[in-house]
Amino acid sequence: MADISGFGAGPLLGGTYAGEPLSARTINKYASQIASTATNYSNDLTFQNSSGGVVYGLPQSVYSQASGGFLDPNLAVDKVTVTPGTVNRYIPKIDTTYIDADPAPEITVADEGHVCIKVTYEVNKFFPRTAEIVFITGTDVPDDTETESYQPLAKINKDETTTPTTYSMVKLNFGNKVVNRLKAGANTATWWWTDV
C-alpha cells in the first residue's frame, strides 16, 4: 500500500494500494488530508511561505503597560498593583519587592484610603533615592513633613452595603515622577513633585 506519510492510512483516508490507478475521488481524498494540515495564523507562532517550504518561528516577547502608563494603579477585588515606573529614576517597592517584579507585588486594601508614593529624606542628598508604594487609610492624604512626602495615585472607596464588602478605585495620578525636597536654613521643608 502506498501512502503519503502523515496524510492517510488506507483507502478510506486517501491511501492507495500498489499499482492501483489514481481516481478523481482518491486525489480529492489526498487533497482533503493535505488541506487539513495547512498552517494557520496564530498569536504564538509566525511562519513565512517560500518556494523552498515554510519557515516557522516564535516571536520575541512583547511587554506593554496594562493601562494608562507608568506608575498606574489597578484594583482587582481588594488587591492593588502598580505598573512599573520610576521616581527620580529609581523603581519603587511595595514592602520589600520592586514593582517591576514578576509576579507583581500587591497591596491588600481593607478600608477606605489612598494608594500613595512615599518618599523619605536622605541626609546630604538633594533627591530621595528610594520610594515606596503604600496604602494610607482614612479620607485624607498625610501632610508632608520635614522627612516624608506622599503623592496620591488613587483613592480607594469602600462599599459596605454589599456582601462581601466591595472596593472601587478613582485614579488620581500616574506617570514617572521627579521629587525634590527644598529647604533653606531653619525654614520648613517644601516637597516638589512633577511628572516626567
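No lab work stands behind these numbers, since they all come straight from the coordinates. These numbers come from a predicted model, not from an experiment. For neighbour counting, all protein chains shown are included, and Cβ atoms are generated from backbone atoms with ideal geometry for every residue, glycine included.
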Approximate spin-label separation residue 172-residue 157, in nm, with each point projected 7 Å along Cα-to-Cβ: 1.5 nm
In the neighborhood of residue 178, defined by Cβ-to-Cβ distances under 9 Å, what is the net charge if each Lys or Arg adds +1 and each Asp or Glu adds -1? +1
What is the order of 194, 120, 161, fewest Cβ neighbours within 10 Å to most? 161, 194, 120
Taking only C-alpha pairs under 8 Å that are 6+ residues apart, what is the relative contact order of the range 73-195 in percent? 24 percent
Give the order of 168, 32 when sorted by the count of other beta carbons within 10 angstrom, beginning with the fewest. 168, 32
Which of the lysines could be linked to residue 183 by a straight reach, that is with a Cα gap under 25 Å, when you skip same-chain ones fewer than 8 residues away? 118, 125
